[in-house]
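Heads up, the thing below is written out as structure tokens.
The values are calculated or read from the model by the stated rules, or taken from the named source; none is laboratory data. Keep in mind that what you see is a predicted model, and the values were worked out from it rather than measured. With ideal geometry, Cβ positions are generated from the backbone for all residues, glycine too; neighbour counts draw on all protein chains shown.
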Amino acid sequence: MAAASLRTNKLRSALTILGVVIGVATVMAVASIVQGIRSQIFNAIEVAGPQVFYVIRFFSSVPLNPDRLPYEVRIRPIVSPEDAVAVRRVPQVSYAALWAQVNVRLEYEGERTQMMIVYAADDRFMEIVGGTLLSGRLFTRGEQAAGDRVIVLESDVARHLFGRVDPIGEVVRANGKAFRVIGVYQQPENIFQPPGQAMAGAIPYPAARENLHYDETNALFIAVKARTGVPVPEARDAVTVALRRVRNLRPGTPNTFDLMTQDQILDVVGKFTTYFFVAMVALSSVALLVGGIGVMAIMMVSVTDRTREIGLRKALGATRREVLWQFLVEAATLTLAGGLLGIVLGLLAGEAVKAVFGFHSAVPLWSAVLATVVSIGIGLIFGLVPANRAARMDPVEALRHE
């Protein structure tokens, strides 16, 4: 009977379930995006390796305004080369170097990139970020020590700026400063990059310090890698002792630096993606609410149009519970149809998102189950009022209805 009712009023039913379709599809698409971001971050952590952690001036889940730093940040010294040397001497550490992330816009003969990140690091930066050197070379220790303006470009950036021209030996401008291209580097396919903050390449840290501006609170840090076989907590404790010693901190005095491990990064990103998911689900629930109100409206109309039918059924012995159940099933069928169509649309949207952003993840099964349950629940909740109205009808009055 529910299917027959849908076939009888095709256009009305289609418009009614449209809100449910949009809401469910949004939930599916959001779940796909969140799952994709999470998987990319985990893959990026695997590339960097679980042995990597960072020494920073102050740990904050959101970037701090360098012009309005809180007091507890201002009293802390900036991470310095002396700190990096002290960390490098720790026996539990195999690598430590002062790095910076510099926001630059690269230019070559009229071609320009968007604002991107250049790593100001050393010749061993690939040990931390992973990837492959496609052509040319990395900068030498001599270039590193002298602060020569050389750059290893990321392959996509090199392709954008130079096309088919070999970039090795050419000169690009980073925020107006000339840098000679000495290599082309391909970052790992599974590296996670926030939109608008793609990696452009790597330059020697002294070159960045002398020629480019960067935020010494948010973008300056020491990249540290524990020795093979040494647990990260042990290496972290040893680094903490070394930094307290070089900064002359007395026992009981709080640290004037923070250590950021992969677990902390994942925790921050996990919170961000959770907030993002909750916000998007809240927005998609508006569409589900609209769809539910539409279901209620069409069921109220259906009850009015079928008053005589309801009276006849009750006169023939149908109980109130049976009439109530009939209209609840019809409402649930409407929203179930919308939910199934929304799942299909959400799966297609998820595939489109993965294709655009290069995510390698499937739409989570729980989102499809949740979307189906929610769509049926909306049908039952919003169909309860018209169904109850139909069940409470007096059969004599219903049979007299014109």
Among the residues of region 164-174, are any within 30 Å of the chain's Cα centre (by Cα), assigned by TED's automatic domain parsing to the domain that holds Thr228 and buried (at least 19 other Cβ atoms within 10 Å of the Cβ)?
yes
Pairs please, first residue from region 230-255 and assigned by TED's automatic domain parsing to the domain that holds Val79, second anywhere and assigned to a loop (DSSP other than H, G, I, E, B) and among the charged types (D, E, K, R), Cβ atoms under 8 Å, 6+ apart in sequence or on different chains.
Ala235/Arg227; Ala242/Arg89
Taking the condition modelled with pLDDT under 95 and farther than 28 Å from Val87 by Cα, does Asp215 pass?
no
Please determine, by comparing only the residues of region 68-83 that are within 28 Å of Ala178 (Cα to Cα) and not β-branched (Val, Ile, Thr), which one is surrounded by the most Cβ atoms within 10 Å (Cβ to Cβ).
Ser80
If you scan region 106-163, which residues turn out to be in contact with a His (Cβ under 8 Å, 6 or more places away or on another chain) and not in a strand (DSSP E or B)?
Thr113
Can you name every residue in region 33-55 that is buried (at least 18 other Cβ atoms within 10 Å of the Cβ), touching a Phe, Trp or Tyr at 6+ places or on another chain (Cβ under 8 Å) and either modelled with pLDDT of 85 or more or of a type in the set (Gly, Ala, Ser) (or both)?
Gly36, Ala44, Tyr54, Val55
Residue match in region 198-207 (condition: outside any strand (DSSP E or B), touching a residue at least 40 places away in the same chain (Cβ under 8 Å) and in contact with a Lys or Arg (Cβ under 6 Å, 6 or more places away or on another chain)):
yes
Region 178-206, residues that are modelled with pLDDT of 95 or more and surrounded by fewer than 18 Cβ atoms within 10 Å (Cβ to Cβ):
Ala178, Arg180
So which residues in region 218-229 are modelled with pLDDT of 90 or more and over 29 Å from the mean Cα position of the chain (by Cα)?
Arg227
Filtering region 347-402 down to residues that are part of a loop (DSSP other than H, G, I, E, B) and surrounded by 17 or more Cβ atoms within 10 Å (Cβ to Cβ), which residue is modelled with the highest pLDDT?
Met393
Return the residue satisfying two criteria in turn: it lies in region 232-261 and is within 21 Å of Asn218 (Cβ to Cβ) and assigned to a loop (DSSP other than H, G, I, E, B), and of such residues it is modelled with the lowest pLDDT.
Thr261
Working only within region 112-134, note down all residues that are farther than 25 Å from Ala226 by Cβ and surrounded by fewer than 16 Cβ atoms within 10 Å (Cβ to Cβ).
Arg112, Gln114, Met115, Leu134
Could you list, in sequence order, all residues of region 141-152 that are under 36 Å from the mean Cα position of the chain (by Cα) and without any contact (Cβ under 8 Å) to a residue 60 or more places away in the chain?
Val150, Ile151, Val152
